[in-house]
1. Under 6 Å by Cβ, and 6 or more places apart or on different chains, what pairs join a residue from region 127-153 that is touching a residue at least 40 places away in the same chain (Cβ under 8 Å) with one that is within 15 Å of the ligand (Cβ to nearest atom) and assigned to a loop (DSSP other than H, G, I, E, B)?
2. Taking into account only those residues within region 11-20 that are within 8 Å of the ligand (Cβ to nearest atom) and either open to solvent by less than 30 Å² (accessible area, probe 1.4 Å) or on the phi > 0 side of the Ramachandran plot (or both), which is farthest from the chain's Cα centre (by Cα)?
3. Tell me yes or no: at least one residue of region 60-74 is assigned to a helix (DSSP H, G or I), in contact with a Leu (Cβ under 7 Å, 6 or more places away or on another chain) and away from the ligand (no atom under 11 Å from the Cβ).
4. Among Ala22, Ala15, which is the only one that is assigned to a loop (DSSP other than H, G, I, E, B) and closer than 23 Å to Lys201 by Cβ?
5. Looking only at region 159-209, count every residue that is within 13 Å of the ligand (Cβ to nearest atom), under 19 Å from Gly18 (Cα atoms) and open to solvent by 40 Å² or more (accessible area, probe 1.4 Å) and tell me the total.
6. If a residue must be open to solvent by less than 40 Å² (accessible area, probe 1.4 Å), touching a strand residue (DSSP E or B) at 6+ places or on another chain (Cβ under 8 Å) and under 21 Å from Leu27 (Cβ atoms), how many such residues does region 210-235 contain?
7. Scan (1) open to solvent by less than 40 Å² (accessible area, probe 1.4 Å); (2) under 27 Å from Gly140 (Cα atoms) for the single condition Ala96 breaks and write down its number.
Amino acid sequence: MGERVKGKVAIVTGAASGIGEATAKLLASEGAAVVVADMNGEGAERVAAAIRAAGGRAVSQRTDVSKEDDIRAMVARAVSEFGGLHILHNNAAMTAGHEHANDLDLLTMTVEYWDRSFSVNLRGAMLGAKHAIPVMIAGGGGAIVNTSSNQSLGGDLSQFAYSAAKAGVNALTRSIATTFGRRGIRCNTVSPGHIETPTNKASVSPEMSAAIVSNNLIPRAGRADDLAQAVLYLVSDEASFVTGQLLSIDGGQMAHLPHYSYLVASGAKTTNQTP
Ligand SMILES: NC(=O)c1ccc[n+]([C@@H]2O[C@H](COP(=O)([O-])OP(=O)(O)OC[C@H]3O[C@@H](n4cnc5c(N)ncnc54)[C@H](O)[C@@H]3O)[C@@H](O)[C@H]2O)c1
């Protein structure tokens with residue numbers, strides 16, 4: 001057990017699985033009391049129970065982040081169980097493969113799906129911040145981390161609603177950081193690349209995974225813990241001078257020009273003609 005967030009109270013949304021689960025467990029192992037929030041109440045309780053079994057402090061809270069009443073209850077639970085709130089990781093998103101199947105083609109995109117995607121992937125983060133910030137300010141300040149995606153930074157052949165909503169998350173982060181910085185609130189974005197969470201593995205084929213990894217400067221897929229470590233840093237006092245930033249945790253995928261994987265595969269050393 002470490003002490004990097006000792007005495008802090010944290011909420012992690014989408015914490016029944018993947019990146020959120022890893023973050024909830026890491027924050028708890030570093031001394032935070034954690035509200036494990038997820039639409040999947042059973043999964044959230046499984047994670048909270050694992051944290052308690054490991055000697056940490058956690059409760060689960062069934063929460064649909066698109067619903068304001070659920071978010072209000074989630075923040076109230078942090079206060080009633082643990083006496084305040086210092087850390088919020090807005091991490092829940094519509095990640096399931098059957099949801100992305102609705103996001104393949106702009107020309108047949110339904111308004112209902114577009115709005116549903118935004119209600120979870122962007123409104124969820126707004127509602128979390130809206131209800132957490134007053135409690136954080138009353139308690140002397142706090143740190144928010146929003147999970148975005150590399151999809152928000154570059155175009156793809158699908159995921160129109162998801163990428164646009166995640167780009168909204170990036171902008172929301174900057175607005176929150178700017179507006180509330182002088183009242184003790186820091187807000188940053190983590191932008192995952194290809195992270196092998198259970199959901200990701202179920203929806204990305206091994207061939208596609210290899211193709212994505214061929215564009216990583218660190219030649220492996222990401223792990224949920226890569227994100228958890230970044231979130232821990234951003235919410236800890238070590239990052240007390242860091243706000244309004246987007247931190248890509250992607251093995252360097254967005255740090256190079258598009259022909260990188262061709263150069264590596266072909267053995268070419270340079271894009272220039274050599275004499
Ligand atoms: N895994 C990746 O490669 C990757 C890449 C880029 C971005 N991300 C982002 O990282 C975050 C976590 O992704 P993951 O791969 O760990 O996903 P995951 O599917 O493992 O976990 C997502 C969790 O969110 C929950 N959830 C879904 N809708 C919800 C709602 N309305 N309210 C509350 N909870 C809800 C699910 O029940 C699930 O437990 C998401 O924001 C995702 O967009 C992931």
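1. Thr147/Asn91; Asn150/Gly193; Asn150/Asp250; Asn150/Met254; Leu153/Met254
2. Only one residue tops the list, namely Ala16.
3. Scanning region 60-74, I find at least one residue that is assigned to a helix (DSSP H, G or I), in contact with a Leu (Cβ under 7 Å, 6 or more places away or on another chain) and away from the ligand (no atom under 11 Å from the Cβ), so the answer is yes.
4. None of the others qualify; the one that does is Ala15.
5. 6
6. Residues in region 210-235 being open to solvent by less than 40 Å² (accessible area, probe 1.4 Å), touching a strand residue (DSSP E or B) at 6+ places or on another chain (Cβ under 8 Å) and under 21 Å from Leu27 (Cβ atoms): 7 in total.
7. With (1) open to solvent by less than 40 Å² (accessible area, probe 1.4 Å); (2) under 27 Å from Gly140 (Cα atoms) applied to Ala96, the lone miss is (2).
The values are calculated or read from the model by the stated rules, or taken from the named source; none is laboratory data. All values reported here derive from a predicted model rather than from experimental measurement. Note that each Cβ is placed from the backbone with ideal geometry, even for glycine, and that neighbours are counted across all protein chains shown. Areas reflect the complete protein model, heavy atoms only, side chains present, ligands, DNA and RNA absent. Shrake-Rupley method; radii C 1.70, N 1.55, O 1.52, S 1.80 Å.
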